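So the structure is just underneath, and the comments pick up after that.
The values are calculated or read from the model by the stated rules, or taken from the named source; none is laboratory data. What you see is a predicted model, and the numbers here were worked out from it, not measured in a lab. Glycine also receives a Cβ, built like all others from the backbone with ideal geometry; neighbour counts cover every protein chain displayed.
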Amino acid sequence: MNLADSIAKALSVLLYPLFVPTYGVALFCYAFHIHVLPLPVAWYLIAIIGTLLLTCVLPISAIGILIRRGKVKDLQIADARERTIPYLYTILGFGFWSYLMISILHAPLYIGLVTVGATIGISLVAFINRWWKISAHLTALGGLFGGMMSYCLGIGALPTWGTLCLWMSVTLLLMYARVRLNAHTPAQVCTGWLLGISCTFFPYLIASYVV
């Protein structure tokens, strides 16, 4: 494996779809504490640990069991035909995550809609995957980008150009990595990214004009 392939594989692991919600909630907790309203430490801990358990540990544990049973080859699940059952566990975990953030922690509307949008997004990926191997990696990263935009809209701020450039650079690198590893086509990574943004940004954008 050459250097380019090693970097592509490292990016795919670092930005594994089931890690991204935890990254997003951790970023939200940091930004909310600094720029909006400091909350009790317990709130942040429950939000981050709950997100980790429900959107990462639960699905990965299910995938691990499937690997031991020979139903799935590895965590990357390169074969689209093997993704159906792991997606069902993932959707279940995301559903409980939305309930945690909205009903238990009473997160702001823009965050609650992001969690619901992320759940809808992963459900759509699971559905589309039956016919076309859309990129879950880019859907997750697009969802994180959409969540960031929802947060900015929610607090009445704009992301800096530096933040936008960094985000687009990471997006393009991950797109290249997934295509480089022959995991997806350019159309599959671009569509995944657009799907992720649509599911996590447009719901709050619409709600902000309706409410």
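Things to note:
- Only a single item in (1) surrounded by fewer than 17 Cβ atoms within 10 Å (Cβ to Cβ); (2) in contact with a Leu (Cβ under 6 Å, 6 or more places away or on another chain); (3) among the β-branched types (Val, Ile, Thr) is not met by residue 139, and it is number (1).
- Of the helices (runs of 4 or more DSSP H) contained entirely in the range 1-97, those carrying at least 1 residues that are closer than 27 Å to residue 171 by Cβ and without any contact (Cβ under 8 Å) to a residue 12 or more places away in the chain fall at 3-14, 20-35.
- Verdict on residue 183 being over 14 Å from the mean Cα position of the chain (by Cα), part of a helix (DSSP H, G or I) and touching a residue at least 60 places away in the same chain (Cβ under 8 Å): no
- Against the test of being in a helix (DSSP H, G or I), within 21 Å of residue 23 (Cβ to Cβ) and within 12 Å of the chain's Cα centre (by Cα), the options 162, 143 yield a single qualifying residue, 143.
- Some residue of the range 174-189 being over 30 Å from residue 74 (Cβ atoms) and in contact with a Phe, Trp or Tyr (Cβ under 9 Å, 6 or more places away or on another chain): no
- The set of residues in the range 146-159 being part of a helix (DSSP H, G or I) and not hydroxyl-bearing (Ser, Thr, Tyr) consists of 146, 147, 148, 149, 152, 153, 154, 155.
- Residues within the range 101-119 that are crowded, with 18+ Cβ neighbours inside 10 Å and part of a helix (DSSP H, G or I), tallied: 11
- Per-region count, the range 69-89, residues farther than 15 Å from residue 128 by Cα and either of a type in the set (S, T, N, Q) or modelled with pLDDT of 85 or more (or both): 2
- Residue 113 being out of contact with any helix residue (DSSP H, G or I) (no Cβ under 7 Å at 6 or more places or on another chain), at pLDDT 90 or above and more than 24 Å from residue 61 (Cβ to Cβ): no
- Output for the range 120-136, where each listed residue is in contact with a Gly (Cβ under 9 Å, 6 or more places away or on another chain) and outside any helix (DSSP H, G or I): 134, 135
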